[in-house]
Amino acid sequence: MERYRAGTLRTPQKRLQTALVEETESAWQPQVRARAREQASTSSGMMVELTAYFGFTASGSSDDGRIRTIITPISPTYARQILDLQEAGATEEDLHPIVGEAITESYFTEWGTRAGGLRADFTHVQAIEFLF
C-alpha cells in the first residue's frame, strides 16, 4: 500500500485491485445508501423509471393501453412507503399498487392539477428502477 501512496507503483495487481475496491465499497456504500434513502423518504422523494403496459380507466379517456417507459419523480410519502416495504422484504409485485398510485399522482394527474379521476393500472411490468 505504501508503494501506491508514494507513487512508485501506479496500477495494482488485479487481485489487490479487486480487494481494494471491495473493501472501499463495503465501508462507504452502506452509509451513502442510507443517507440517500433517508433524504428520499423525508424531503426530496425519488425518481422512478418504469416500463410496463398501461391501460386507463376514466370516463372519456381516449388513450388506448400500450407499453410505456415513464420516468417521473414521486413524493417523499410514496418513497417512504416503497423503501419501508423493500426493507420488509417485499417483492416487486408487492410494490406495484404503491408505484401505480405514485405514478398516477405525479405523471398522469400532475399532482392533482389535471385528469381528475384518472387511475393508471399497469400490467406486464418489464422493469422498475428507483433512482435516488
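Things worth noting here:
- Computed accessible area, VAL125, all protein chains, 1.4 angstrom probe, square angstrom: 40
- Where HIS96, HIS124 fall by accessible area, highest first, once all protein chains stay in place (1.4 Å): HIS124, HIS96
- Solvent-accessible surface ranking, highest first, for ARG37, ARG119 at 1.4 angstrom: ARG119, ARG37
- Shape category assigned to segment 62-131 from the gyration tensor of Cα positions, a/c cut at 1.5: oblate
- In loop segments of segment 59-113 as defined by DSSP, the chymotrypsin sites (Phe, Trp or Tyr not before Pro) with at most 11 further C-beta atoms inside 10 Å of their C-beta are TRP111.
The values are calculated or read from the model by the stated rules, or taken from the named source; none is laboratory data. Given the structure is predicted, the values throughout are model-derived calculations rather than measurements. A quick note on method: Cβ atoms are made from the backbone with ideal geometry, for glycine too, and the neighbour counts reach across all protein chains shown. We work out accessible area using only protein heavy atoms, side chains counted, and drop any ligands, DNA or RNA first. Shrake-Rupley method; radii C 1.70, N 1.55, O 1.52, S 1.80 Å.
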